[in-house]
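Visitor: Sharing a structure below in C-alpha cells format, with a few things to ask.
The values are calculated or read from the model by the stated rules, or taken from the named source; none is laboratory data. Here the structure is a predicted model, which means the values were calculated and not measured. Positions of Cβ are generated from backbone atoms using ideal geometry, with glycine treated the same way; all protein chains shown enter the neighbour counts. Side chains included, ligands, DNA and RNA excluded: accessible areas come from the protein's heavy atoms. Shrake-Rupley method; radii C 1.70, N 1.55, O 1.52, S 1.80 Å.
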Amino acid sequence: MINTNALGKLFAAAGLAGLPFTWGSDGSISFGESITQDQRNSINAVVAGYSQLASNKADKWEDIKAKRDALTENGGYKVGTKWFHSDQKSRSQQLGLVLLGANIPASLQWKTMDGSFVTMTQQLAGQVLAAAAASDQAIFAAAEAHRQAMEVSADPAAYDFSTGWPKVFGE
C-alpha cells in the first residue's frame, strides 16, 4: 500500500505538485489532459523510485527480523557463568521446570550450551526464565532500533544492522 502523504512530499520535492494528476493508494495514476509526456515520465519516475524505496525497506526489515529470530532461537541466555539454550523445545522444558517448583527432582542435571551440566534447582529455573525474558526484550529492542534507523536511512538497502545486538553464546 502506498503512503500517499509520503508520495505527495516526493512529488512536491520534484516540482510536480499542482499538476493535474491523481494517484490512488493502490499505486494507480490518472493524468489530466494537459500533462505532457515529460511530466508523465517524471511522475512515473517518482512513483517507481518510491516503490523501490518501499521495497528496499520491506526487504531489509525482513532481514532484520530474521536476525532477531535467529538470535532469539539460537543465542541462548546467561545465568551466572552458564549459558542456557533458547530454542523452543528448551524454552518449553524450562517453563516446565518453573511450573514444577519445589517438585523439581533432586540432583537433576541440566546441560548448558558449553556442554557442561549444572544441578537444576527451583531458584535456578526461575533465574533461567527471567534471563529468557530479559534476553527476548533486549533482542526485540535492538531489532526495533535497527528498524527505526533503517527507515530514515538514505539507502535502506545498504543499511548495516550487524552491530548493536545483545551478546550471545560464543561471543
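Visitor: Residue by residue through region 130-159, note down the ones that are without any contact (Cβ under 8 Å) to a residue 60 or more places away in the chain and under 27 Å from D87 (Cβ atoms).
Guide: A130, A131, A132, A133, A134, Q137, A138, A141, E144, A145
Visitor: Separate question: Specify the residue that is nearest to the chain's Cα centre (by Cα); the eligible residues are those in region 156-168 that are closer than 14 Å to D136 by Cα and not β-branched (V, I, T).
Guide: Filtering region 156-168 down to residues closer than 14 Å to D136 by Cα leaves 165-168.
Subsequent filtering for residues that are not β-branched (V, I, T) retains 165-167.
On the way: W165: 11, P166: 14, K167: 17 Å.
It comes out as W165.
Visitor: Looking at region 130-156, which of its residues are among the β-branched types (V, I, T) and not in a helix (DSSP H, G or I)? Quick ask: steps written out before the conclusion?
Guide: We begin by selecting, within region 130-156, every residue among the β-branched types (V, I, T); these are 139, 152.
The answer is V152, and nothing else.
Visitor: Can you give me the number of residues within region 139-171 that are out of contact with any helix residue (DSSP H, G or I) (no Cβ under 7 Å at 6 or more places or on another chain), closer than 28 Å to M113 by Cβ and surrounded by fewer than 17 Cβ atoms within 10 Å (Cβ to Cβ)? Steps first, answer last, please.
Guide: From region 139-171, those out of contact with any helix residue (DSSP H, G or I) (no Cβ under 7 Å at 6 or more places or on another chain) are 141-142, 144-145, 148-149, 152-155, 158, 160, 162-163, 167, 169-171; that's our starting set.
Pick out the ones that are also closer than 28 Å to M113 by Cβ and you get 141-142, 144-145, 160, 162-163, 167, 169-171.
Subsequent filtering for residues that are surrounded by fewer than 17 Cβ atoms within 10 Å (Cβ to Cβ) retains 141, 144-145, 160, 162-163, 167, 170-171.
Here the count works out to 9.
Visitor: Quick one: A102 ticks every box in (1) farther than 30 Å from Y50 by Cα; (2) open to solvent by less than 60 Å² (accessible area, probe 1.4 Å) bar one, so which box is it?
Guide: Single failed check for A102: (2).
Visitor: Do you know which of the residues in region 21-46 that are assigned to a helix (DSSP H, G or I), closer than 16 Å to G8 by Cβ and touching a Phe, Trp or Tyr at 6+ places or on another chain (Cβ under 7 Å) is most open to solvent (accessible area, probe 1.4 Å)?
Guide: Per the criteria, the residue is V46.
Visitor: While we're here: Keeping to region 114-129, report how many residues are in a helix (DSSP H, G or I) and either among the basic types (K, R) or open to solvent by less than 60 Å² (accessible area, probe 1.4 Å) (or both).
Guide: Of the residues in region 114-129, 4 are in a helix (DSSP H, G or I) and either among the basic types (K, R) or open to solvent by less than 60 Å² (accessible area, probe 1.4 Å) (or both).
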